[in-house]
Structures are given as C-alpha cells and as structure tokens.
Amino acid sequence: MQCEICGAQISGKPHHIVIDRAEMDVCDRCKGFGKEVERTAPITSTRRGVAPEAGVATVRRARHDLFDKMKDELVEDYAEVIKNAREAKHMTQEELAAGILEKVNVIRKVERGELVPEEELIKKLERALDIKLTEGIVEPEVQGRRGESKALTLGDLIKVKKNK
C-alpha cells in the first residue's frame, strides 16, 4: 500500500488520518499532517436503527476513487469540432438533434460552448458525426529516490506545511 500523501510504500499498518475532512491512509512520516482517527464502520443495514437479522447478508459499498471515472477528457475546442463536423456532413442543427434524439437547444448550446456535454451526449455526437471528442489522460510518472518510477502523488504537487 502507498502513502496517499508522499507515495512511499507503507510497511506495517497504515495510519488513518483526517485532513480538512478528507480521510487518508498514510505512512509514519506523514501521520503528523492530520488528526489520526479510527476507521468508521460502513452502514450495513438498509433500515435505520435496526440491526441486521441473523443469517441475512449485509450489503457493503465498495470504496470508489474520484479518478476511477476520469479516463478520457473532453477536447478543449469541442464546440468548434462539433460544428465543423456537422457542417461537413451538410446537416442542420435540427437534423443532428433528431438523429441523436436530443433537443435542438442542447445542440445549439454545445456548439456555442455554453454547455459542456455529458458522457452520453459525447458518445452520441461521436457516433453521429464520426469524430473523436475525448482524449486520454496520461498520468505523469515521477522518479523515486532510487531511480524507480512511481505514480505522481499529492505530496509531489504541493508543499505541505505542518500544523503546530
């Protein structure tokens, strides 16, 4: 397991701390940057205040990372790309909207850059116009102390000031 602040390998049990309401698992060196807390148990019953019955399986929610969903990023000039592709296919905004089952106002706002399209609309536009509106995010790598390559961590991006 890696420290969520400095990225160092954690040997032994990680320290679970809170920094500005964000819970993190950190190494011995970084535990002083926040307040150490006990892990909170997940809610296992669907009915409040009622203990689960014996023999009944409890539902646990998997921990989700914010960055799990961020695989691709919308291109910066998406509005211009969509408009140019639509015009190249000799389509009106109304025809495009009807073809992908969207409102004309949505297409107009997207083409003017007033509305950032959701993932579902991006996929519809890409299929209808034969274009690519997303680009993959490349995660930068940092050289470790001994020359090994590791993922970029929060500690690499900011200068941490220890609270006294």
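What length, rounded to one decimal in nm, is gained on full extension from Glu23 through to Glu114, with 0.36 nm per residue of separation minus their alpha-carbon distance?
Full extension of this stretch gives 29.2 nm more.
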Checklist entry - How much solvent-accessible surface does Met1 expose, in Å² to the nearest 10, with a 1.4 Å probe and all protein chains in place? => result 120
Next on the checklist: 7 Å from Cα along Cα→Cβ at both Leu74 and His90: what's the point-to-point distance in nm?
Outcome noted: 3.0
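In what order, largest first, do Thr134, Thr92 sit by accessible area if the probe radius is 1.4 Å?
Thr92, Thr134
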Checklist outcome for this item: The farthest towards the positive end of the charge dipole of the range 77-138, of the residues Gln93, Leu133, Ala79, given +1 on Cβ of Lys and Arg and -1 on Cβ of Asp and Glu, is Gln93
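The values are calculated or read from the model by the stated rules, or taken from the named source; none is laboratory data. Everything numeric in this text was worked out from a predicted model, so none of it was measured. In this analysis, Cβ positions are derived from the backbone assuming ideal geometry, glycine residues included, and neighbour counts consider all displayed protein chains. Just the protein is used for accessible areas: all its heavy atoms, side chains included, with ligands, DNA and RNA removed. Shrake-Rupley method; radii C 1.70, N 1.55, O 1.52, S 1.80 Å.
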